[in-house]
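Have a look at the structure below before the remarks.
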Amino acid sequence: MAGIDVESGHEKGSGSPSVHSGQHGYGETEVSNGTKWENFRDSFKRNPNARMATEALDEDGRPLPDQPPAEPALSMKLKDRHLQMIAIGGSIGTGLFVGSGSALSSGGPASLVLAYGLIGIMLFCTVQALGELAVAFPVAGSFAVYASRFIDPAWGFAMAWNYALSWLVTLPLEIVAASITLNFWNGARGTNPAAWVTIFLFVIISINLFGVRGYGEAEFVFSIIKVTAVVGFIILGIIIDTGGVPGGNGYIGAKYWYNPGAFNNGFKGLCSVFVTAAFSFSGTELVGLCAAETENPRKTLPKAVKQVFWRITLFYMVSLTIVGCLVPYNDEHLFGASSTDANASPFVIAVNNAGIKVVPSIMNVVILIAVLSVGNSSIYGASRTIAALADRGQAPKILGYIDRSGRPLVAILFSSAFGFISYIVAAGPDTSDQAFAWMMAISGLAAIFNWASICLCHIRFRQAWKYRGYTLDELAFRSQATVYGSWAGLIFNLLVLVAQFWTGFAPVGYAEMTTNELVENFFKAYLALPIVASCYIIFKIVKKTRFKRINEIDVTSGRREMDLPAILAAERAEQAQWPKWKKIWHIIC
């Protein structure tokens, strides 16, 4: 990829500041001394000094052959508090609040807890691996760059477009979900849903046009609301389950685990829940994508990665265990549950069944905020990935446009344009449901492919790191799951793909389905595979790339820290003086 710089005429370098009047080096934005209006107007102009990445160089400053660009040049304005809340509550959305309803209906409460728990363990290993890579190489494009560097440039291309497409179609899905959520209130039911779509689109696009600082502040507020709501539901759920609500159903305990039962549809029911669980956890990897726009990833990323464990344990496992105790899997309100129908949320159903009148409205407000939060993340995730692709010559060059405020402006507008697909709601429920079922199919398995790729990248990185003579003590952050956790994550991701293939090929009740219905069901469940395979094969044929050998893997370029051993030595000397409680706290948080 290094040759792209020569052909395009962009300057090369390893991230050192360039000498331009009124400009800064990579990762910084231009400054102007004009009026506020002039500064605002000029902020949208292209910064000729800024690129998503620069040419990768070796330790002697020589260009590395066939390496992806490595140095990020976006505005690095994400602070510690932003990253912490993105890690804790960033991906809590319709997958947890609404999608868990269809999962409960398909597999029963035991399958719900088992599937989410197993996916959670796998994701913990994956995020730990991603944290180690992102701290060592906080590069724009994150997962795709790692796949190109440690596996195969063709696989990096496939993963990048797979990830971008998943976010591009998630945006209209979430906006439609938000418009449907409003139907919970009588006053909103008579309004054309296209009107709500317009409002939501305006809000989400405006947030992202404020740049990464706008995204960070919005997610900070959204995450606080979501976390508070989940904690509140857990407390309320325990009260309801133990019979503490006056006029409620009395003591419930684990009654619904016995009648109608803990499992529904047996082992196939459990397998059918895995993809729903994966969709619920999608977005957790955004922590790694944010590394390129974080002020100090070496300090903030490890903290954010450790928070993921608590989110999985508290916000998913505890809340869904309570949901399984409060809502039977044969509850009529769960039937036909979809990812865009907040009225089928088991959180809302549980409170409704207890006879509490006000809380369901509060939960729907939280679901609405969660939906907008995921829509906000959709534009962020898609735009950064697409801009990195453009800068590496794997997407139209104009999409790599970086303005003087450090925003990938054209990529943001391109990603935002997909939100206008949401207006299909005006065509009626039948047409919109069919359209969004296929869009969901595109994003359904995208996370599984990306997570498996991250685990494999970490395994290959550790092999190359050892081959180059480095030790683990030279890493600023090491995966708590170790490389064995990455092996476990990779194997489990592959097992989920196998389970999804089985449930897609022979779904629950397949004996009563026609051939056309079976074919349609399979592609809705497995459409991501032909998309990934097509991208990989086409790029490999055109570019004639090959699988990276260990001795070809670059572990040098892209590091932001210049004197890491000295910095680490000082930090470890400081930590050695900490009391025991503080050392334990540092390990888990």
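The values are calculated or read from the model by the stated rules, or taken from the named source; none is laboratory data. Source: prediction; values computed, not measured. We place every Cβ from the backbone using ideal geometry, glycine too, and count neighbours over all the protein chains shown. We work out accessible area using only protein heavy atoms, side chains counted, and drop any ligands, DNA or RNA first. Shrake-Rupley method; radii C 1.70, N 1.55, O 1.52, S 1.80 Å.
Do you know the relative contact order of the range 75-558, to the nearest whole percent, from alpha carbon pairs under 8 angstrom that are 6+ apart?
That works out to 34 percent.
Step through the table entries Lys226/Lys580; Lys268/Lys306; Lys79/Lys306, compare each Cα-Cα distance with 24 Å, and write down the pairs that go over it.
Lys226/Lys580; Lys268/Lys306
Using alpha carbons only, how many angstrom separate the centre of the range 494-532 from the centre of the range 109-133?
Using only Cα atoms to place each centre, the spacing works out to 23 Å.
Apply 1/(1 + (r/R0)^6) to the Cβ-Cβ distance of Trp502 and Ile550, taking R0 = 35 Å, and write down the FRET efficiency to the nearest 0.05.
Taking R0 as 35 Å, the efficiency between Trp502 and Ile550 is 0.50.
Counting other C-beta atoms within 10 Å, and keeping those with at most 11, which DSSP coil chymotrypsin sites (Phe, Trp or Tyr not before Pro) do you find in the range 245-320?
Filter output for the range 245-320: Tyr251.
With the alpha-carbon atoms as the only input, what is the per residue convex hull volume for the range 75-558 in Å³?
139 Å³
Fully extended, how many nm does the chain gain between Tyr510 and Ile235 (0.36 nm per residue separation, minus their Cα-Cα distance)?
95.0 nm
Give the calculated FRET efficiency between Ala194 and Ala573 to the nearest 0.05, with a Förster radius of 60 Å applied to their Cβ-Cβ distance.
0.45
What is the percent carbon and sulfur in the accessible area of the range 75-558, measuring with a 1.4 Å probe over the protein chains and ignoring ligands?
Of all accessible area on the range 75-558, carbon and sulfur atoms account for 67 percent.
Counting alpha carbon pairs within less than 8 Å and at least 6 residues apart, what relative contact order, in whole percent, applies to the range 435-537?
Worked out over the range 435-537, it gives 44 percent.
Please give the length that would be gained between Ser206 and Thr313 if that part of the chain were fully extended, namely 0.36 nm times their separation in residues minus their C-alpha to C-alpha distance (nm, one decimal).
35.2 nm
Equivalent ellipsoid semi-axes for the range 247-318, as square roots of 5 times the alpha carbon gyration tensor eigenvalues: give them largest first, rounded to whole Å.
For the range 247-318, the semi-axes come out at 37, 18, 9 Å.
Applying 1/(1 + (r/R0)^6) with R0 = 45 Å to the Cβ-Cβ distance of Lys255 and Ile538, what FRET efficiency is obtained, to the nearest 0.05?
Efficiency, rounded to the nearest 0.05: 0.25.
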